[in-house]
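Worksheet for the structure shown next.
The values are calculated or read from the model by the stated rules, or taken from the named source; none is laboratory data. Note that the structure is predicted; figures quoted are calculated from it, not measured. All Cβ positions, even for glycine, are placed from backbone atoms using ideal geometry, and neighbour counts span all protein chains on display.
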Amino acid sequence: MVSSEPMECNIEIEEHSVESVQEVVYLGIKFSADRRIEGELNRRIGISMSAVGALQKKVFGSGELCKKAKVEVYNAMVVPMMSYGCESWLLREREKTRLQASKLVYKRR
């Protein structure tokens, strides 16, 4: 259970106590007690950067692939990793800028 305020939680399931935490990853999305998305956004950017790094040598750094093929790989593999769960995000201008900056970094490669 995620709670924004410290509270005493006495929920038990089959004699096991449910722990109250500040952050939890559920179905691949990080939920925070303070309802901020910076943690999830950092996670998503990190995951997508890892994907770009893994694909760098064989795809993005390859001289054998045309630009169109590289863009298609980017759109098919990197964008979904970055935007997974974004339907629930309420982005402020700062978060929008960070996402756009991350996309530009990837596209420059």
*Which pairs have Cβ atoms under 7 Å, sit 6 or more apart or on different chains, and link a residue in the range 35-53 that is within 13 Å of Val79 (Cα to Cα) to one that is not in a helix (DSSP H, G or I)?*
Arg44/Tyr84; Val52/Arg109
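Could you tell me whether Ala33 is in contact with a helix residue (DSSP H, G or I) (Cβ under 6 Å, 6 or more places away or on another chain) and surrounded by 13 or more Cβ atoms within 10 Å (Cβ to Cβ)?
It is false that Ala33 is in contact with a helix residue (DSSP H, G or I) (Cβ under 6 Å, 6 or more places away or on another chain) and surrounded by 13 or more Cβ atoms within 10 Å (Cβ to Cβ).
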*Of the conditions (1) modelled with pLDDT of 90 or more; (2) part of a helix (DSSP H, G or I), Glu40 clears all except one; give me its number.*
(1)
_Checking the condition over 24 Å from Arg108 (Cβ atoms), out of contact with any His (no Cβ under 6 Å at 6 or more places or on another chain) and assigned by TED's automatic domain parsing to the domain that holds Ser102, which residue from Gly28, Gly85 passes?_
Gly85
*Here are some residues: Tyr84, Tyr74. Which one is among the hydroxyl-bearing types (Ser, Thr, Tyr), in contact with a strand residue (DSSP E or B) (Cβ under 8 Å, 6 or more places away or on another chain) and surrounded by 15 or more Cβ atoms within 10 Å (Cβ to Cβ)?*
Tyr84
_From the list Gly85, Gly61, exactly one residue is among the small types (Gly, Ala, Ser) and touching a Gly at 6+ places or on another chain (Cβ under 9 Å). Which is it?_
Gly85
*Could you please tell me which pairs satisfy a Cβ distance under 7 Å, a separation of 6+ or placement on different chains, a first residue in the range 59-85 that is in a loop (DSSP other than H, G, I, E, B) and of a type in the set (A, V, I, L, M), and a second residue that is at pLDDT 90 or above and surrounded by 12 or more Cβ atoms within 10 Å (Cβ to Cβ)?*
Leu65/Val59
*asked:* On the basis of being over 17 Å from Ala101 (Cα atoms) and either assigned by TED's automatic domain parsing to the domain that holds Lys96 or not basic (Lys, Arg) (or both), does Ala51 make the cut?
replied: no
*asked:* Suppose we filter the range 13-27 for residues that are surrounded by 11 or more Cβ atoms within 10 Å (Cβ to Cβ) and not acidic (Asp, Glu); how many remain?
replied: 6
